[in-house]
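K.L.:
Here it is: the structure, laid out below.
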Amino acid sequence: MADPTLRRTLARHLAVAAPVSLLSWLLNAWVGPFFANRWMVAALAIPLAIACWAWWRWLVRDRSVLLGARFFGFLLGYCVLFALLAGSDVLTWKRTLAGYEEQVPPNWLGRLIPPALSDWRYRFAPEAPAAPDLVVLTLPSFAGQPPAEARRIFAALIQQATEQGAKGIALDYIPEQPSAPADRRLCRAVERAAAAGVPVFMGYGYDEVQGAIVARPPAATLPCLTASRRGSLSGYVDLDGLLRLVPLFLERNQEWPALSLQIARALTGAEPARPAGDLLQFLRPRGGIMRLDGLPQVDDLRLFQSRFVVVGSASPNDRSLTPYGPLQGAEIHAWAAHGLRTGRFLRRVPPAWTFPTLFALCYLLTALLARGGGWRRLLILAGLLSLAVVAVAILALRLGAVWIDVSYPLVAMWGLVGLLALAGGVLRRRAPAPIPAQETPGAPPTEPADRFDVFLSHNGEDKPVVRELAEALRDRGLRPWLDEDELIPGRPWQEALEQSLTAARTVAILVGRDGLGPWHNAEMRAGLALCVEQGKPAIPVLLEGASAQPNLPLFLAGLTWVDLRQGLTDEGLDRLQWAITGIKPEAPVDR
């Protein structure tokens, strides 16, 4: 921004935007959990959206100036609205919690979403480190088998893992039906493993009670399966039927950890780093994770040595579609656990960055249009900014596994471009400030910078339209002299009027419906005298209501006038600005 008017405007706006940005960061830190409730977000977002639309209609009706105070207020509310929506992740409206051997098909809306649109980030995300100390063992479906048979198999696997010196064993299985003899054998195997330093984990199911998720206890005949030895087997399935998120706690309850979190804790011996919101977006381990199908043979048991064994079902019902293709439930738990213990998973950029980013992008767009850049340049800039947002998001993924949700800034930017296009040029663009004339040898010295650009000589009957004209000139970076704004109460006004008329760079003689008034006539003649004696431009201006053939004094009629009889149009104001500054404004593109 080269001209001083826009520089001052930017400084004023930043002085307001910076505290708003800081406030958004504080609110996100203090009331972040509040935004997890989508109905509460809607209670804020819907009235704010209606207020922004009403404000926009008011701006369009009043022909407000881009980057003026009123438009800036709208821009703040607009960016706050999108920051609120981004913080609540409202564009992902529906997720379904899926559990053990439970398929969640995509709904009709999910089938319309191309997978590439949802999963583009996984194409650029880095892989997690290799996982040589993990092995996945898949067995035939446990569903329909007698509980005693499943418990016998699990007891044998736990015993084999203990004998081979495994790092631990986790079973993607929910033991809810009692089987007394087999359960006692299973508990003996669990206790022997614990004594040998081999942790054992199993899953637990859940029920929905009055809209809340509640964990189900295991069979009463399995007292060895305490809370510290159990984990949730759930994942979140999106509208398109893909599982992308693993909740580390069921219903955000710290007492109900996920099986993947239990495995990570056992492997690290400490609490691993967790993603914000405890929703894990797992990454593919480099080279995948070793997988065995069916009951292990004698030669396979050596693979248990110094490895953590994750046992699950090979049933198609326990297979979920993920961004990396179909995976069995045990594989998902293993991938998630490996990401947790290595700290390699997708991290979302903090929501506090959303508002300043949106404000900067939208401000750049309106600043270009306010400088007369035209619609073609506006569309080009919007396209370049969109590419820049996507490029930054790709770099963040590639270099730091940081996910920037580009949908919100893109929707905000192009939504604003659409609103400006719908306004159709009704909002006035702020013209650049006039460039002062260069001094020439022998010419009188340049006048002080705080002088007025134009003295508005007018009939008091035309005061309403003259006020609008003065405001329009100020919006263009000019400084008009208007008696009601500049005359100090209690001072001799005739002397001040005379000094201002002499000091102003130009004199505009405004002629409206009622022609010249008494003092108006005197100001006009003084202006003509200054025009002859000092070369000061005297500009006749025909206001709205002036007759088609105005009866102007002879010397005034000999000057080229500015015709504003059709109102304060951009063309008429451009001509008046040209007359005042001596510099013809550049015609904006597609005005």
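The values are calculated or read from the model by the stated rules, or taken from the named source; none is laboratory data. Computed from a prediction, not measured in an experiment: that's the story for all the values here. Cβ: placed from backbone, ideal geometry, glycine included. Neighbour counts: every protein chain shown.
K.L.:
Please determine whether any residue of the range 145-157 is within 24 Å of Arg319 (Cβ to Cβ) and either in contact with a Gly (Cβ under 6 Å, 6 or more places away or on another chain) or at pLDDT below 80 (or both).
P.N.:
Within the range 145-157 (the criterion being within 24 Å of Arg319 (Cβ to Cβ) and either in contact with a Gly (Cβ under 6 Å, 6 or more places away or on another chain) or at pLDDT below 80 (or both)), the answer is yes, since at least one residue qualifies.
K.L.:
So which residues in the range 139-159 are more than 18 Å from Phe304 (Cβ to Cβ) and either crowded, with 22+ Cβ neighbours inside 10 Å or not assigned by TED's automatic domain parsing to the domain that holds Leu295 (or both), if there are any at all?
P.N.:
Phe142, Arg151
K.L.:
Turning to a different aspect of this structure: Could we say that Ser306 is small (Gly, Ala, Ser) and either in a strand (DSSP E or B) or closer than 17 Å to Leu139 by Cβ (or both) here?
P.N.:
For Ser306, the condition - small (Gly, Ala, Ser) and either in a strand (DSSP E or B) or closer than 17 Å to Leu139 by Cβ (or both) - is not met.
K.L.:
Also, I was wondering about something else. For Ala219, are the conditions met, namely being free of Cβ contacts under 8 Å to residues at least 24 places away in the same chain and not in a strand (DSSP E or B)?
P.N.:
No; evaluated as a whole, the condition is false for this residue.
K.L.:
Right, something else. Check Pro272, Pro257 and return the single one that is outside the structural domain of Leu75 (by TED's automatic domain parsing), under 32 Å from the mean Cα position of the chain (by Cα), more than 28 Å from Ile153 (Cα to Cα) and not aromatic (Phe, Trp, Tyr).
P.N.:
Just one listed residue meets the conditions, Pro272.
K.L.:
Could you please let me know if Ala393 is touching an Asp or Glu at 6+ places or on another chain (Cβ under 9 Å) and more than 30 Å from Leu259 (Cβ to Cβ)?
P.N.:
Yes; evaluated as a whole, the condition is true for this residue.
K.L.:
On the basis of being within 24 Å of Asn317 (Cβ to Cβ), surrounded by 17 or more Cβ atoms within 10 Å (Cβ to Cβ) and in contact with a Gly (Cβ under 8 Å, 6 or more places away or on another chain), does Val246 make the cut?
P.N.:
On the way: within 24 Å of Asn317 (Cβ to Cβ): yes; surrounded by 17 or more Cβ atoms within 10 Å (Cβ to Cβ): yes; in contact with a Gly (Cβ under 8 Å, 6 or more places away or on another chain): yes.
Against the criterion (within 24 Å of Asn317 (Cβ to Cβ), surrounded by 17 or more Cβ atoms within 10 Å (Cβ to Cβ) and in contact with a Gly (Cβ under 8 Å, 6 or more places away or on another chain)), Val246 qualifies.
K.L.:
Among the listed residues Ala180, Ala170, Ala215, which satisfies the condition of being among the hydrophobic types (A, V, I, L, M, F, W, C), within 51 Å of the chain's Cα centre (by Cα) and surrounded by fewer than 19 Cβ atoms within 10 Å (Cβ to Cβ)?
P.N.:
Ala215
K.L.:
Further, regarding this structure: Residues that are within 30 Å of Gly68 (Cα to Cα): which helices (runs of 4 or more DSSP H) entirely in the range 321-430 hold 1 or more of them?
P.N.:
In the range 321-430, 354-370, 374-400, 407-423 are the helices (runs of 4 or more DSSP H) which contain 1 or more residues that are within 30 Å of Gly68 (Cα to Cα).
K.L.:
While we're on this one: For Arg284, state whether it is farther than 16 Å from Ala156 by Cα and either buried (at least 20 other Cβ atoms within 10 Å of the Cβ) or touching a Phe, Trp or Tyr at 6+ places or on another chain (Cβ under 8 Å) (or both).
P.N.:
yes
K.L.:
Based on what the data block shows, is Ile213 of a type in the set (A, V, I, L, M), in contact with a helix residue (DSSP H, G or I) (Cβ under 6 Å, 6 or more places away or on another chain) and at pLDDT below 90?
P.N.:
yes
K.L.:
Given the options Glu271, Glu208, Glu255, Glu191, name the one that is part of a helix (DSSP H, G or I) and surrounded by fewer than 15 Cβ atoms within 10 Å (Cβ to Cβ).
P.N.:
Glu191
K.L.:
Moving on. Being modelled with pLDDT of 95 or more, closer than 21 Å to Met202 by Cβ and small (Gly, Ala, Ser) narrows it down to one residue among Ala264, Ala258, Ala330, Ala314; which is it?
P.N.:
The match here is Ala264.
K.L.:
A further question follows. Given the criteria at pLDDT 90 or above, under 19 Å from Leu427 (Cα atoms), out of contact with any Asp or Glu (no Cβ under 8 Å at 6 or more places or on another chain) and not assigned by TED's automatic domain parsing to the domain that holds Gln281, does Leu379 qualify?
P.N.:
So Leu379 passes the test.
K.L.:
While we're here: Within the group Val80, Val90, which residue is more than 20 Å from Leu346 (Cβ to Cβ) and modelled with pLDDT under 85?
P.N.:
Numbers: Val90 fails: more than 20 Å from Leu346 (Cβ to Cβ).
Among Val80, Val90, only Val80 is more than 20 Å from Leu346 (Cβ to Cβ) and modelled with pLDDT under 85.
K.L.:
Within the bounds of the range 223-235, is there any residue that is out of contact with any His (no Cβ under 8 Å at 6 or more places or on another chain), in a helix (DSSP H, G or I), buried (at least 23 other Cβ atoms within 10 Å of the Cβ) and at pLDDT 90 or above?
P.N.:
no
K.L.:
Out of (1) crowded, with 24+ Cβ neighbours inside 10 Å; (2) at pLDDT 90 or above; (3) hydrophobic (A, V, I, L, M, F, W, C), the odd one out for Phe359 is which?
P.N.:
With (1) crowded, with 24+ Cβ neighbours inside 10 Å; (2) at pLDDT 90 or above; (3) hydrophobic (A, V, I, L, M, F, W, C) applied to Phe359, the lone miss is (2).
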